[in-house]
Amino acid sequence: MNILKTEIKKLQHIYQMHYKSINSLKITNLIKNINKYCFDSKNIIELDLLSKIQNTTSEDFTKSDDFTKSEDFTKSDDFTKSEEVTKSEEFIIPSQDDNIFWCWYIFQNGIKEYNLPHKFFVIEKTRKIDWVPLLRENKASIKQLKYKLSNLENNLVNEEKMHITTLESICFINNIDFYIVKNKMLYKNSQDNENRIILKYYPKTKKYGILLDTVDVLKRINKYEEELFLVDDIAKPLKSISSYKLKDLQNIATKLDIELKKENQKNKTKKCLYSEIQEILV
């Protein structure tokens, strides 16, 4: 006669069925099937994640079915190891589609933690949802950056990839100085904080890399400021042509390695310089 013993263990709000059976393959398979419907760690993470989404979405942005229907979500029980990151100079370029988010993850947790096996999709969605109330609690800071709270929320909850403006907002709220090197230009949002995140944009792959080497980081930043064109808005690096004098455009062109003279050795006009600068920056 086969004897089946069951017990319920409570581990941090997780209930799971364990069993002991004597020479019974049928009972073993039966219990395995039953455990699919128990509140174990594999099932509860999906329920908890869905609950968070329902509680944090607002009328300011539309609900998206893409998240609940995503193939990645249905496979979220499978731990996957990070693909090898690309290294360009001293910048590490994460391989995930949401490249900006994983730059942040490396900044917060280090490259060793990033290289461990993870439930990447679950980490992304959980962290982004946790950021929504943080943004709402810091409306004044968002207003100071001149960004719309509803746009940032929508980006975090409904869109697949994190925007650079969303990352800047998170950094600003957490007192982290923010730098981007892009197309021979530099954008910075600095309040002289101790923590700094430096990203570099690579146009060919349309991905960002994060600087890991923080030795002499202030010297590096000073060098960027000397050699690169400092912009006030990463999305709109150039103002209208009427905002610049010829000398201003010549200074910008010099930093961008643009010749100031034509082949006939005549000085380039203001319009000509503006056009060449625009081709590089935009």
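Figures for the structure shown
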| read-out | value |
| --- | --- |
| Single residue of region 207-238 satisfying the filter (of a type in the set (K, R) and without any contact (Cβ under 8 Å) to a residue 60 or more places away in the chain) that is surrounded by the most Cβ atoms within 10 Å (Cβ to Cβ) | R220 |
| Residues within region 106-117 that are free of Cβ contacts under 8 Å to residues at least 60 places away in the same chain and either over 16 Å from Y179 (Cα atoms) or aliphatic (A, V, I, L, M) (or both), tallied | 8 |
| Conditions (1) surrounded by 14 or more Cβ atoms within 10 Å (Cβ to Cβ); (2) touching a residue at least 40 places away in the same chain (Cβ under 8 Å); (3) not acidic (D, E): number failed by P133 | (1) |
| Long-range neighbours under 7 Å by Cβ, at least six apart or interchain, first residue assigned by TED's automatic domain parsing to the domain that holds R127 and among the polar types (S, T, N, Q) within region 141-153, second surrounded by 13 or more Cβ atoms within 10 Å (Cβ to Cβ) and modelled with pLDDT of 95 or more | S141/F172; S141/I173 |
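For every residue, the table says whether it meets (1) among the basic types (K, R); (2) at pLDDT 90 or above; (3) surrounded by 12 or more Cβ atoms within 10 Å (Cβ to Cβ); (4) more than 21 Å from N99 (Cβ to Cβ).
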position	(1), (2), (3), (4)
I198	no, yes, yes, no
S240	no, yes, no, yes
K245	yes, yes, no, yes
Q265	no, no, no, yes
S275	no, yes, yes, yes
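The rows are residues; the columns are (1) under 12 Å from the mean Cα position of the chain (by Cα); (2) at pLDDT below 95; (3) surrounded by fewer than 19 Cβ atoms within 10 Å (Cβ to Cβ).
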| site | (1), (2), (3) |
| --- | --- |
| F91 | no, yes, no |
| W104 | yes, no, no |
| G110 | no, yes, yes |
| E113 | no, yes, yes |
| H118 | no, yes, yes |
| E124 | yes, yes, no |
| N138 | no, no, yes |
| E153 | no, no, no |
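The values are calculated or read from the model by the stated rules, or taken from the named source; none is laboratory data. These numbers come from a predicted model, not from an experiment. FYI the Cβ positions are ideal-geometry reconstructions off the backbone, even for glycines, and counts take in every protein chain you see.
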